[in-house]
Amino acid sequence: MGFKNMGKFSVLLMLVMMWCWASTAEAEYMLYKDPKQPQSVRINDLLKRMTLEEKIGQMTQIEKSVATKEVMNKYLIGSVLSAPVSVFGGGSGLPKQAPPEMWVNMVNDLQKGALSTRLGIPYIHGIDAVHGHNAVYRATIFPHNSGLGVTRDPELVKKIGAATALEVRATGIQYTFAPCIAVCRDPRWGRCYESYSEDPEIVRMMTEIIPGLQGEITDDSKKGAPFVSGQQKIAACAKHYVGDGGTQLGINTGNTILDRKKLFSIHMPAYNDSVIKGVTTIMASFSSWNGVKMHANRNLINGYLKNKLKFKGFVISDWQGIDTITDPPHSNYTYSILTGINAGIDMVMVPYNYTEFIDGLTYLVKNKFIPMSRIDDAVERILRVKFTLGLFENPFADYSMTKYLGCQEHRDLAREAVRKSLVLLKNGKSSTKPLLPLPKRASKILVAGSHANSIGYQSGGWTIDWQGSSGNLTVGTTILSAVEKTVDPNTQVIYNENPNQDYLKSNNFDFAIVVVGEPPYTETFGDNLNLTIPEPGPSTIKNVCGSVKCVVVLIAGRPLVVQPFIDTIDALVAAWLPGTEGQGVTDVLFGDYGFTGKLARTWFKSVDQLPMNVGDSHYDPLYPFGFGLTTTPTKAT
């Protein structure tokens, strides 16, 4: 080849190389990766690139104990949850006292697996942060919803949502399965403490936690579109859709027997409000409505929620929720997948046997039992939430937010919430001789009761463990230690969990604080048809209050049978499940603040009256809805 020909060849080679470079650059530009593109353009671009396998992976949520980088990559998993530790397994796979940095590393490690897939779609990590970031050691544990409803303070609840979002982000997680906006109509239900009230208007009011968690929706947001305002906010989940608080006899996952008008006037309004406020996800309920499982209720999920309310986020199943479409659960899993997905479930909380779910759904789509349009609708919704969260631009967490976990500002907020959630039911054996507020200066006072010195008991279920636990399982202030911090330094505080008559007679106590109530429980384990205070609570009340002037502080997720003790005790305080900040209780007992709380649910005389709610024709309560005595703060001396 001559020099002249060599030159022509070089020019030609250069042109070919430039064309290849240009083609490669053009191929690498993907609209879905460009944050300057409108969200709808990005979603459509990504959706059309996805295979069926990739789409079904996005619809699959697995539990952390079976999730690895390799699993995320191989099965194209779209979501992981960290279930609280329980008898059924689950959990983060981290030590119970793991610092937030370990959580961040765990989330980021799984994210590397998700991003290593062909399209690099980030995964979303969910957790039950239902009263603060309650699965994480050192987190601030706020009062459960039964107490927050008492405050009737939506601004307070919004602040709690914002604080919870920061603490969840402190561990790298972007999604909480909260709030529960059930309207509990029967306190026998084991999840009643997750409900703000029996009154749908109070529950509607408390949906202000959603803009706390997600940010305040902007005026230009489209109706029903999910909204998250930035990297200090998280995706919320309104649950459990719909009617879970109205089941017959209060049986968890039971049957709500109501006509359509009552379902929509009592149980639906808070969902309307949640959608308006931009809630990103909604969880289907285990329960049924007039015999139809909610996970299978196409009319209410696809028909009402998605079409009528224009909800554009995604609908997620509950834990193995589609399995329960059949009886017994999982007896015909193919049918469960078919029915649940066609009803409108977009993401399935599998959470363990993900290959069975993936294979089953793949079969049903390939054989045209489930139309591709239904799959595309589900994936479009999931991608919309991920784009809204900013996961494509910011898939990884760092340690910069770990400072928020259990910070003093959040503990102060929780303490305020405790103060405002207390309801004073009785104050003195006569109205002319109130016992509260208690004097800080006394010679000797007794603190008694099984719940006086236990963070676990005062926090209830969904605290570190799924069912909760006794003892001081995380950082906080017990009511006993709060009393010791509050009273005069010269006041002698004696703690005896269950003193006998001889002990009481041999001591000269000025007064006693008796702290008793329910042990922790969650879900079906909390279903209770008698609602009595468990022993040794009644014995402690009888012994102490029969010998010493006493205030009984009741730690419980719901009203309990107290009528047998009313005449014995001098003062009665419903403290619900206050969480880690026990000093909020003593703030009010000793008069630094006054009692302001008003019952957000009816306090019955006997369980034979249940269900009984305000407005019922047979309404005859011990303490009516809205009841609550008040006190005036005392001046410091």
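The values are calculated or read from the model by the stated rules, or taken from the named source; none is laboratory data. Source: prediction; values computed, not measured. Glycine gets a Cβ as well: all are built from the backbone with ideal geometry, and neighbour counts include every protein chain shown. Only protein heavy atoms, including side chains, enter the accessible area calculation; ligands, DNA and RNA are left aside. Shrake-Rupley method; radii C 1.70, N 1.55, O 1.52, S 1.80 Å.
Overview of results
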read-out	value
Sparse-neighbourhood loop sites, trypsin sites (Lys or Arg not before Pro) in the range 112-216 - DSSP loop, at most 14 other Cβ within 10 angstrom	R118
Rounded to whole Hz, the Karplus (6.51, -1.76, 1.60) HN-Hα couplings of the range 137-152, x for glycine and proline	4, 6, 5, 6, 9, 7, x, 5, 4, 4, x, 5, x, 4, 5, 6
Distant-in-sequence amide H partners of I181 (H built 1.01 Å from N, under 5 Å)	K239, H240
For the range 140-171 versus the range 185-225, the gap between their alpha-carbon centres in whole angstrom	12 Å
Amide H contacts under 5 Å for F511, placed H, 5+ residues apart	L446
Alpha carbon centroid spacing (whole Å) that separates the range 101-118 from the range 426-461	48 Å
Accessible surface, the range 503-637, averaged per residue in Å² (probe 1.4 Å)	38 Å²
Relative contact order (%) - criterion: Cα under 8 Å, at least six apart; region: the chain	15 percent
Prolate/oblate/rounded call for the range 176-215, Cα gyration tensor, a/c under 1.5 rounded	oblate
Other-chain or far-sequence residues with amide H under 5 Å of I257's (modelled H)	Q248, N290
Gain in span if fully extended, S265 to M102, counting 0.36 nm per residue against the direct Cα distance	54.2 nm
Backbone HN-Hα couplings from phi across the range 431-444 [Karplus 6.51/-1.76/1.60, Hz, Gly and Pro as x]	5, 7, 10, x, 8, 9, x, 7, x, 6, 9, 8, 6, 8
Sites K74 and K605, calculated FRET efficiency, Cβ-Cβ separation with R0 56 Å, nearest 0.05	0.40
Residues I566 and Q39, FRET efficiency given R0 of 60 Å [Cβ-Cβ distance, rounded to 0.05]	0.55
Rough spin-label spacing in nm, given labels placed 7 Å along Cα→Cβ, for E53 and T432	8.5 nm
By average C-beta atoms within 10 angstrom, highest first, the peptides 381-393, 330-342	381-393, 330-342
Percent accessible area from carbon and sulfur atoms, the chain, protein chains only, probe 1.4 Å	53 percent
Rg [Å, one decimal], Dmax [Å, integer] - the range 336-402, C-alpha atoms	15.3, 49
Net length gained if the chain between D488 and Y29 were fully extended (0.36 nm per residue, minus Cα distance)	158.2 nm
Selection from N490, Y623, Y32, by position along the positive dipole direction of the chain (Cβ)	Y32
Expected 222 nm ellipticity per residue - DSSP helices of 4 or more, -39500 (n - 2.57), all of the chain, to 500	-9500 deg cm²/dmol
Which labelled figure in [x] 38, 35, 25; [y] 45, 25, 20; [z] 52, 27, 20 is semi-axes √(5λ) of the Cα gyration tensor in Å, once derived from the coordinates	[z]
Tilt relative to the chain, helix 408-421 - C-alpha long axis, 0 to 90 degrees, to 10	50 degrees
Per-pair calculated FRET efficiency, R0 = 22 Å: R441 and N500 via Cβ, rounded to 0.05	0.20
Protection proxy ranking, peptides 577-586, 367-376, 531-540, 416-425, average beta carbon neighbours within 10 Å, highest first	577-586, 416-425, 531-540, 367-376
Charge dipole of the chain about the Cα centre (unit charges at C-beta), most positive-ward option of C192, N108, G313	G313
Counting DSSP beta bridges with both ends in the chain, the antiparallel % (nearest 5)	20 percent
